[in-house]
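This report concerns only the one structure given below.
The values are calculated or read from the model by the stated rules, or taken from the named source; none is laboratory data. Keep in mind it's a predicted model, so treat the numbers as computed, not measured. Cβ placement follows ideal geometry from the backbone for every residue including glycine, while neighbour counts extend to all protein chains displayed. Each accessible area value is taken on the protein alone, full model and side chains, heavy atoms only, with ligands, DNA and RNA left out. Shrake-Rupley method; radii C 1.70, N 1.55, O 1.52, S 1.80 Å.
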Amino acid sequence: MKRLWHWPLDPGCRTVRLALEEKKITFDAKITWPGATISELANLPPGSDLPVFLDAAGEQKIIASGTHAILEYIEDTDAAPRLMPLLARDRAEVRRLWQWSETSFAEVNRSLLAERENQWVRRSKQSDTTKLREGIHALKSKLGFLEGLAGVRTYMAGRTLSLADLSMAAHLSAYDYFGDVPWDLTPDLKQWYARMKSRPSFRPLLADKVEGTRPPRHYADLDF
């Protein structure tokens, strides 16, 4: 048995889901509020947070907590298809862009994404318009870099799909769930994202429905 505890709109959780789907790893997905106690895992190490992955398929139960720990674990234990290149120089580029994605988008997560969740999921009575403006501005500032990459590369780190692509697509998909990505400003990035959306691994994300929210019509449209 393999099980993933996750929050559907969290970009890190979405990155793990994409990787598991790309590797065709069968797993049971359990939606969990961020910060909630996971009753089935009473002995989680201190500091553990979503996503949490349990692999009880072997003789010994393995628990991995956090995006990096889970992704590295499944890359080590499920070799094909590879999401990290064979050559060290290529792996370095994937890691550079993967880190860029998580570090750069953290600002957007703290402002725009957090406020959208407060609005629609937690049903906050009053929106923080300052946070929304800051988040939208931060997102637009990141898109220029991604547009440049998408204009010269098949995939973000080179010629093959990698964890860098999954991380970037996961973040953008979370923002796109609320209709906050200005795709008309980034035609090359939009084309790359359309190819990512068309991958079978993306189907569970496009089917996500969180109570109290409704994604825009183009969210699940492969020809948006």
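Within region 131-166, if we keep just the residues that are among the charged types (D, E, K, R) and touching a helix residue (DSSP H, G or I) at 6+ places or on another chain (Cβ under 8 Å), the residue that is least open to solvent (accessible area, probe 1.4 Å) turns out to be 165.
Residue 128: open to solvent by 10 Å² or more (accessible area, probe 1.4 Å) and over 19 Å from the mean Cα position of the chain (by Cα), yes or no?
Yes; evaluated as a whole, the condition is true for this residue.
Across region 167-218, the qualifying residues are those that are among the charged types (D, E, K, R) and assigned to a helix (DSSP H, G or I), and the one among them that is surrounded by the fewest Cβ atoms within 10 Å (Cβ to Cβ) is 184. Scanning region 16-30 for residues that are in contact (Cβ under 8 Å) with a residue 40 or more places away in the chain and open to solvent by 60 Å² or more (accessible area, probe 1.4 Å) yields one hit, 21.
Restricting region 31-71 to residues that are in a loop (DSSP other than H, G, I, E, B), of a type in the set (A, V, I, L, M) and without any contact (Cβ under 8 Å) to a residue 12 or more places away in the chain leaves a set whose member that is most open to solvent (accessible area, probe 1.4 Å) is 42. The requirement of being in a helix (DSSP H, G or I), open to solvent by less than 60 Å² (accessible area, probe 1.4 Å) and modelled with pLDDT of 95 or more is satisfied by residue 74.
Of the residues making up region 83-113, those that are open to solvent by less than 30 Å² (accessible area, probe 1.4 Å) and either under 25 Å from residue 141 (Cα atoms) or part of a helix (DSSP H, G or I) (or both) are 94, 97, 98, 101, 104, 105, 106, 108, 111, 112, 113. When residue 137 is tested against the conditions (1) in contact with a strand residue (DSSP E or B) (Cβ under 7 Å, 6 or more places away or on another chain); (2) over 22 Å from residue 67 (Cβ atoms); (3) of a type outside the set (S, T, N, Q), the lone failure is (1). Of all residues in region 104-125, those being in contact with a Pro (Cβ under 9 Å, 6 or more places away or on another chain) and free of Cβ contacts under 8 Å to residues at least 24 places away in the same chain number 0.
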